[in-house]
1. Quick one: plug the Kirkwood hydrodynamic radius of the range D:28-134 (C-alpha pairs) into Stokes-Einstein at 4 °C, 1.567 mPa s, and report D in µm²/s.
2. One decimal, nm, shortest first: give the distances between the label point of residue D:50 and those of the same position in the other copies, each label point 7 Å from Cα along Cα→Cβ.
3. What share of the DSSP beta bridges in the protein assembly as shown is antiparallel, in percent to the nearest 5?
4. More than 21 angstrom separation, counting every C-alpha pair in the range B:284-351; what % is that?
5. Relative to the first principal axis of the alpha-carbon coordinates of chain D, what is the inclination of helix D:60-72, with its axis defined by its Cα atoms, in degrees from 0 to 90 and to the nearest 10?
6. Work the Kirkwood hydrodynamic radius out for the range D:223-290: mean of 1/r over every pair of different alpha-carbon atoms, inverted, in Å.
7. Say a label goes 7 Å from Cα toward Cβ at residue B:346 in every copy; what distances in nm does this one have to the rest, shortest first?
8. Under the classification rounded if a/c is under 1.5, otherwise prolate if a/b is larger than b/c and oblate if not, where does the range A:8-159 fall, given a ≥ b ≥ c as square roots of the Cα gyration tensor eigenvalues?
Ligand SMILES: Cc1ncc(C[n+]2csc(CCOP(=O)(O)OP(=O)(O)O)c2C)c(N)n1
Ligand SMILES: Cc1ncc(C[n+]2csc(CCOP(=O)(O)OP(=O)(O)O)c2C)c(N)n1
Ligand SMILES: [Mg+2]
Ligand SMILES: [Mg+2]
């Protein structure tokens, strides 16, 4: 005899179609043109950074770099839903989110240029640095959220990672404890359909990534990740629940990686331009602009002046980065521990003095 | 605008109530009294082993031992649904499954007595030894299943572990690839409600453990784990699908750990007898006997002779174990590699000759 | 001043740290109502409540990763891994995060966490419960690795580890948990990290060791003293960062060095100590360095376990051999 | 005989192994149509098909654990971890399973698997992509750790590793992947494991090294030769089990020993080599042992990376220092 004991449903939310036309009523915040204009400006700024970063890498002045091209709505939609006191734990592709949080362009250039000072953010002092080992920051987010909950603070942790990250045990173990202890942590998946050369459908047989939340007993949902209004809305709703003690959530943002995986990658080895092309018609910057234009909230002049100011800002930051001398080599040692142990002090002395072995 | 994109349901199956009365029509195999009698005999045999193992441990003649008291239907229901050519990957509590597979009582005593030869099974040569690091054998099961699939063999891998094991990333990563590649692997969860002192509800907020399959896009179901017919039926159905190339499954068996976690544990520190008592009324050995008696397939004489033969067999195996001299100390070295490397040969020589350092 | 076993001293230090500092939180598997499988956290759940003494799901990776998040937020997580044999899923978090959060962010974030785990053989434990792999972690830059060998040092070193501003892995020798009692003052005094302890002075040979093997080394020194051989016994205590000076000063005095550990020989931490001697006290050596260790084999199950352990016989033979030199 | 780079030699060995033995299967992240992020598996997916060359989900633990299952079933899994920096989730499988399946079952099951990973610094890679933690695995009983330092040895050692009946971790120095070409015969001939290679003979000092540092050591030997100092350069190649004899024989001849590796100094595998010298060739030493290594710090990001690496200057200074003795 079989009896059903549990049922589940996963929903997908979108507010704008690919051309920026509303699919129905918008959330209240989106009726405020200034809000969406702010999102748009942030996405454009992130894209300007992206272009410059690639250009610097191509000319040997930056290290390997992971472009966020076409995925800016995930970062901006997420970060804009956070409060300053919340903590962001980003993967290596979420420059848009980091910039919104107040990480400076120069800091980003420094980090991707191979300088640790790029992770010493002057702005969001509690935000985590970029996480390279995929999904390993989800457990940190659980810990950050637990600290907030223990202290009774109305704050939350937000971790972002890719579709590939959802295959790691780290993701699952952390999601499970967020569900179990109702921790104020929101996990945002930038499902850009690719993990380097591996397609989303080759990561998991799960029909959605959002349904992975069911395994952890907490809410999971899909949103159109090229729709900055939908992303912001979903993250804001999740954060409101988290702050009021109702626990965390998993949010899958459906988007597309328009560029190579990183500057070290050549996507033409594993995907055709024909596959990529239609996604250009759905990308978030274009779409948001079309929306704003249709609302008479954005003009050609606005656009020109935005592009100009972004370019100038990015250019200045790049120059400031390039003008920053590397640290003194002693820095290799100085932050290993709070105080330099004797054993390491000897090594430092040997390294700093030319005679050292 | 939100639209549902996926829905899921989890079912629970049971054939017998706690007193052994059928809840409805039985699967065909259960109408054959000889089959269910075989299950019963195997459960009784496992319990006899269990009692003896605890007695040996209490008298200092066996190491720490994990009792399977009350969970025999999981092991017997699972193993009896397998074919000899399938491969079992057991956790440390699945003696009942191992015995059905042909591991000898003496081998089990040897293993739990601290002798590696106990894992050199004379019978099921391809079965894995007991897995102690919780959940770490699930990836092995995926690999075993992949080997079978690559060779086009109609075989399957079956891994068993506890409710606590479902919190490990190992479980999730392995389940995910079984779903993705439709591997012939069945993961059976002995949900005995406890992971040492941690309750099932403190492992995960998921309403069922079966629903964790949804995260991996493969079938998951619950069965009454004290109902050997239900367990056998679910595993047999899953194995039939697996062998015909339809992929794996997750089966959660609801049962109860009637004893301490191991002989090193004192469950009275964290649970009351009052909580345990009702579960004695649901336990599988009693229940199956009641079913057989009601079908006139089991008599008092059958019972007496079974208990006697089990006791004799277990006693003989225990004596054979106790009479087995430990290996020569060179054995520490001899199976580290297929051939002893020079470096290790020197260490062996030093260890074997009394003068060695 | 109560007589405490090592595990009681650990418990006292944990209780003291929780009393002194609200930021201290304890979590791990079965650390709550059960008080830990070795009872290291016994009573803490009852004293400090379910918020600060938490049973986690069965997820070691998570335990370590959550500790990183808590520590970065200014808490003082003290997490337990039930046995060293189950610590491997945490290594990614230790190597890639805990040990480097400070330097990656040039000091903006830090990771004052403690990860405790019992370890070592000789207690006839099940498979995977008797290994010693401290050397793997002692190789990780940015991590402290601390191993107490007596109730008093366990108390003081654990308090110091919890107060340390950087991550500490704290390994407790199972074999010593209840092997001896000594008076331990629960006075909140830490014992300095990063220092070796000379437990017994001697002029003929230096025996360097840590953890449970300290007992066999002291016992061997007793025996050898009867033959007129004076052995200096050093408990390394903090493997990383290593206090070379104490070890080298002793070897310069004795001219002979034996390193003793339970872990497998090759790549064990004894190699590091032997290397330092070969680098910085070579001229003082009158005899080769010797290591008395576990073998490069898997730790055997209990029936053969005793053949694997560095016994007093093996230690005595090694010292004896060196005495023939010089 | 084609001129191949090291990464091409790896690819040739993989292709050869797959051709010779149907049981060989390759899997990992991006090893399929992309041919691996370093192109080590380029073309294999096209040649051998999607069944035998498989992209896995992004799950390192699974990759190692699946290899154990396949190997126990008689297959010959050759799995790739994309960078050594992501190998830590596999350590549990390597320590608790791969390395001991044979001895746990007294030979009934075994684990003939290979886990490949690129490693090492000097290529200005992103964070976590430049470390060298081979010593952690070289401590694990039952595991072989092999590191090639030339295209020819890469080809032969990898074939031997794949054919070996026990688990092998095979670390490929990223910095050498395309640094040099040499003629490599794709003749299916393996190179014996468990042997060090004397790459250059010399009578004044022994330099022991492995991986990418072999290049700097050979270059230093060239320079020093001009000053009349004859350096013997040994490529360890198989770290575990270690071929002590070759190293000790050399040190007995030269009386001087410098160990060079990129990994952090403390607990690095150089310590093991120094320890063996201190144990078994002490009488031959005319000078202390020296280690030229990375520091006990986290590998810096590219801007400071060069200060961390064991440079030819540092190697030359160490040999020079030792020449002042004896
Ligand atoms: C644990 C780990 N394994 C492998 C890598 C190498 N790697 C870097 S990014 C990446 C793919 C990540 O895919 P996804 O999670 O979808 O994020 P995306 O790059 O698409 O943003 C891989 C395999 C890594 N950084 N960490
Ligand atoms: C990875 C790991 N962590 C911790 C342990 C210690 N331990 C042994 S059994 C157990 C609980 C297991 O619970 P469950 O999975 O429900 O299985 P059960 O013991 O109830 O059969 C724990 C924590 C272990 N063996 N492996
Ligand atoms: Mg992706
Ligand atoms: Mg259980």
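Just so it is clear, none of the values below were taken in a lab; they were calculated from the coordinates. Computed from a prediction, not measured in an experiment: that's the story for all the values here. Cβ atoms come from the backbone with ideal geometry, glycine included; neighbour counts cover every protein chain shown.
1. 89 µm²/s
2. 4.9
3. Values: 33 of 147 bridges.
About 20 percent, rounded to the nearest 5.
4. Tail of P(r) above 21 Å: 59 percent of Cα pairs.
5. 70 degrees
6. Taking every pair of different Cα atoms in the range D:223-290, averaging 1/r and inverting gives 12.7 Å.
7. 2.7
8. Values: a/c = 1.83, a/b = 1.14, b/c = 1.60.
Since a/c reaches 1.5 but b/c is at least a/b, the shape of the range A:8-159 is classed as oblate.
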